[in-house]
1. HN-Hα J couplings of the stretch 51-66 from phi, Karplus 6.51/-1.76/1.60, θ = phi - 60°, integer Hz, Gly and Pro as x?
2. Just to be sure I understand: with springs between alpha-carbon atoms less than 10 Å apart, which residue in 59, 48, 96 has the highest mean-square fluctuation in the Gaussian network model of the chain?
3. Quick check: from the Cα gyration tensor, does the chain come out rounded (a/c under 1.5), prolate or oblate?
4. Enumerate the helices in the chain for which the Kyte-Doolittle hydropathy averages -0.5 or more and the C-alpha atoms extend at least 18 Å along the helix's axis, using complete DSSP H runs.
5. Sort 143-152, 30-39 by the packing proxy (mean of other Cβ within 10 Å over each peptide's residues), most packed first.
6. Where does the chain land at 222 nm, in deg cm²/dmol rounded to the nearest 500, when only DSSP H runs of n ≥ 4 count, each adding -39500 (n - 2.57), divided by all residues?
7. Taking +1 at the Cβ of each Lys and Arg and -1 at the Cβ of each Asp and Glu, which of 60, 28, 110 sits farthest along the dipole of the stretch 3-161 towards its positive end, judged by Cα position relative to the Cα centre?
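A short reminder: the numbers here are calculations on the coordinates, not readings from a lab. From a predicted model like this one, the values you see are computed outputs, not experimental measurements. Glycine gets a Cβ as well: all are built from the backbone with ideal geometry, and neighbour counts include every protein chain shown.
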Amino acid sequence: MTLADVLLLAFGLLALGAALAVVTTRRIVRAGLWLAVAFAGIAGAALVLTAEFLAWVLVLVYVGAIVVLLLFATMLTKAPTDASDDLDRARWPGMVAAGGIGLGLGVVVTAAFGWIRVDPAGRDGGAAAMGEAVFADWVLPFEVLSLLLLAALVGAVVVSTRAK
């Protein structure tokens with residue numbers, strides 16, 4: 001095992017552990033914080049795989065925008081953040097479904113790609129090619145997503161300031 005393999009395994013275990021904490025915690029704020037840790041683990045794995053642009057997009061867009069928006073909207077709307085006993089359900093069906101889906105995805109990805117090694121120096125998917133694709137071919141969906149996030153933030157402010 002090389003150092004890259006060890007780091008990839010460590011970041012993968014970090015992301016997996018944080019993702020399990022997201023779905024098992026009973027408090028929404030802690031789930032949001034664990035989600036940020038899961039995204040950071042995935043970004044670390046992307047750095048090991050020499051996908052720097054993907055890693056920074058994960059950190060800036062997902063951790064910096066989505067998770068912060070989730071936490072901001074939760075706190076701004078004054079939603080209850082404590083654990084609730086009336087919302088508890090049996091956990092075993094969800095665990096069985098999640099385990100089956102995870103195992104199925106692992107089998108599909110392994111069957112599709114195998115255990116091949118990729119030469120990162122010979123790839124043509126760097127930041128320049130990705131930026132050209134985003135701002136040339138995908139500019140409209142990019143802007144629509146920006147408007148959707150803005151509408152969610154405005155909606156959270158309206159809901160939180162509504163007179164009762």
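1. 10, 4, 4, 4, 5, 6, 5, 4, 5, 6, 7, 6, 6, x, 10, 5
2. 96
3. oblate
4. Membrane-span-like by this rule: 3-24, 28-48, 92-113, 139-161.
5. Values: 143-152: 10.8, 30-39: 19.6.
Listed from highest to lowest mean packing, they are 30-39, 143-152.
6. Helix-only estimate at 222 nm: -23000 deg cm²/dmol.
7. 28
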